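Visitor: Quick one: the structure is below, and I'll ask about it shortly.
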Amino acid sequence: MTKLINGKEIAQNLRNELKKEIDNLRSKTGKVPGLAVVQVGNVAASSVYVKAKTKSAEEVGIKVIDHHLKEETSEKELLQLVMKLNKQVNVNGILVQLPLPNHINEQIILDSIHPDKDADGFHPLNVGKLSIASHNDENLLIPCTPYGCLIMLKGLGINLAGKNAVVIGRSNIVGKPMAQLLLKESCTVIIAHSKTQNLQEVCQNADIIVAAVGRPEMVKGNWVKNGTVVIDVGINRIEVKINGENKNKLVGDVDFKEAAKNAFAITPVPGGVGPMTIACLLRNTTIAFKNAQKN
Ligand code: NDP
């Protein structure tokens, strides 16, 4: 029978472990990890994410330092804030919620975050460390979504070494770091993207499919061979008619119902990758705190 990978439950377990660890760290050091959360403007989805991240952080004992700036904030002003947070000793992690308004260059801002405080794991130095196999994962700040996917894969108890893994999507925040993580686990990795030919065939040879595309239900049931593990990162809002009324529905990049018929294990949307992303942000902040205590 197909196993449903319960991201909600796995994320809850990770948060419970982090809470215990933070309690211990508080007893030993008298301090707790601090996470600065910076939001510019009022994009509704960003406000929802910031609220969820803040709530989860506080629940595990992380101190959240909130900076909600107005839409008109200039790039220079935002850079000045990041510089200030880089120096602030009670701030271990800095999270700048994306997207930023168009007049601000996101990459300039992300690059300005001190790599030791890079809660999202997007800084070029941390991206580089991830690609160097000898670095130990335990101290690294790794992009949260792909690390969450890896935890779910490892939780299945299967041997990942030698498996054919197809990652669909090559973004800096999901696809590329996911491929690096799978490579570290000795998978044979294919990174597919919009120019990939015969994607269906490519997927049919996969033991593991990670879909991070942003196209509702693109991966069809017959793309998934028997026994494949399917991790669906996609979050897409579609309109469906229920009792004659148009309603919004959240779906992934995979046709869940059909793919589940062949998959060995599959993540649902919602309740799969999403909760893991936030839990891994808290993990990164805790790692940054522990790394700072060593220095
Ligand atoms: P991006 O838009 O940055 O990247 C999408 C990738 O998909 C690109 O590499 C693109 O290829 C590829 N792609 C687009 N169309 C096709 C196609 N027809 N066939 C194959 N590949 C295609 O998205 P993100 O990586 O930021 O996010 C991907 C999805 O994951 C989104 O739905 C997003 O909402 C979701 N997400 C979910 C998170 C969670 O916590 N669950 C966190 C982050 C994202 P190319 O490079 O050639 O353009």
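The values are calculated or read from the model by the stated rules, or taken from the named source; none is laboratory data. Treat the numbers as computed from the prediction; the structure is a model and nothing was measured. Here Cβ is always computed from backbone atoms with ideal geometry, including for glycine, and neighbour counts include all displayed protein chains. Each accessible area value is taken on the protein alone, full model and side chains, heavy atoms only, with ligands, DNA and RNA left out. Shrake-Rupley method; radii C 1.70, N 1.55, O 1.52, S 1.80 Å.
Visitor: For the chain, with the dipole built from +1 on Lys and Arg beta-carbon atoms and -1 on Asp and Glu ones, taken about the Cα centre, which of 289, 242, 30 lies farthest toward the positive end?
Guide: Selected residue: 30.
Visitor: Given axes a ≥ b ≥ c from the Cα gyration tensor, I'd like to know whether the stretch 80-169 is rounded (a/c under 1.5), prolate (a/b larger than b/c) or oblate. Can you show the working numbers first?
Guide: Values: a/c = 2.52, a/b = 1.85, b/c = 1.36.
Prolate.
Visitor: Taking all pairs of different Cα atoms in the chain, averaging 1/r and flipping that mean, what Kirkwood radius in angstroms comes out?
Guide: 19.9 Å
Visitor: Pick out, from 172, 98, 182, the residue whose Cα sits farthest towards the positive end of the charge dipole of the chain, with +1 on the Cβ of Lys and Arg and -1 on the Cβ of Asp and Glu.
Guide: So the residue we want is 182.
Visitor: In percent, what relative contact order does the chain have, based on Cα pairs under 8 Å that are 6 or more apart in sequence? Can you show the working numbers first?
Guide: Details: 584 pairs, mean separation 64.4, N = 295.
The normalised contact order for the chain reaches 22 percent.
Visitor: Still on this structure, I have one more. Figure the gain on full extension for residue 98 and residue 69 (residue separation times 0.36 nm, minus the Cα-Cα span) and round it to one decimal in nm.
Guide: Numbers: separation 29, 0.36 × 29 = 10.44 nm, distance 1.30 nm.
Roughly 9.1 nm would be gained on extension.
Visitor: Once phi is turned into θ = phi - 60°, what whole-Hz ³J(HN,Hα) does the Karplus curve with 6.51, -1.76 and 1.60 give for every residue of the stretch 114-126, x standing for Gly and Pro?
Guide: 4, x, 6, 10, 7, 4, 8, x, 9, 5, x, 5, 6
Visitor: If you take the C-alpha gyration tensor of the stretch 142-274, multiply each eigenvalue by 5 and take the square root, what semi-axes do you get, largest first, in whole Å?
Guide: 24, 15, 14
Visitor: How much net charge surrounds residue 239 when only other residues with a Cβ under 14 Å from its Cβ are counted (Lys, Arg +1; Asp, Glu -1)? Intermediate values should be presented prior to the final figure.
Guide: Values: positive: 237, 241, 247, 249; negative: 217, 245.
Residues close to residue 239 contribute a combined charge of +2.
Visitor: Search the structure for amide H atoms under 5 Å from the amide H of residue 168, placed 1.01 Å from N in the peptide plane, and list their residues when 5 or more places away or on another chain.
Guide: 192, 210, 211, 212
Visitor: Next question. Cα-Cα pairs above 16 Å in the stretch 99-218: how many percent? Spell out each step's value before the answer.
Guide: Details: 4553 of 7140 pairs.
Across the stretch 99-218, Cα pairs with separations above 16 Å total 64 percent.
Visitor: Based on the alpha-carbon gyration tensor of the stretch 30-115 and its eigenvalue square roots a ≥ b ≥ c, which shape applies: rounded if a/c is under 1.5, prolate if not and a/b is larger than b/c, or oblate?
Guide: Because a/c hits 1.5 or more and a/b fails to exceed b/c, the stretch 30-115 counts as oblate.
Visitor: Sort by residue number and name the cysteines in the chain that have no neighbouring cysteine Cβ under 4.7 Å.
Guide: 149, 187, 203
Visitor: What does the highest-first list of 90-96, 40-46 look like by mean Cβ count within 10 Å? Mind dumping the intermediate values first?
Guide: Values: 90-96: 24.1, 40-46: 14.7.
Per-residue Cβ counts within 10 Å, averaged per peptide and sorted highest first, yield 90-96, 40-46.
Visitor: Additional query: Calculated from DSSP H runs of 4 or more alone, at -39500 (n - 2.57) each and per residue, what is the 222 nm mean residue ellipticity of the chain, nearest 500?
Guide: Working: 10 runs with 125 residues, N = 295.
Rounded to the nearest 500, it is -13500 deg cm²/dmol.
Visitor: Right, here's the next one. Is the C-alpha gyration tensor of the stretch 215-256 telling us rounded, prolate or oblate? Criteria: a/c under 1.5 is rounded; beyond that, a/b larger than b/c is prolate, otherwise oblate. Each step should come with its number before you reach the end.
Guide: Details: a/c = 3.52, a/b = 2.28, b/c = 1.55.
Prolate, because a/c is 1.5 or more and a/b exceeds b/c.
Visitor: May I pose another question? Below 10 angstrom from the Cβ of residue 162, what's the summed charge of the other residues (Lys, Arg +1; Asp, Glu -1)?
Guide: Details: positive: 163; negative: 185, 207.
Summing Lys and Arg as +1 and Asp and Glu as -1 gives -1.
Visitor: For the residue pair residue 225 and residue 88, what label-to-label distance in nm results when each label sits 7 Å from Cα along the Cα-to-beta-carbon direction?
Guide: 5.2 nm
Visitor: Rounded to the nearest whole Å², what accessible area per residue is found for the chain with the 1.4 Å probe?
Guide: Numbers: 14630 Å² over 295 residues.
The answer is 50 Å² per residue.
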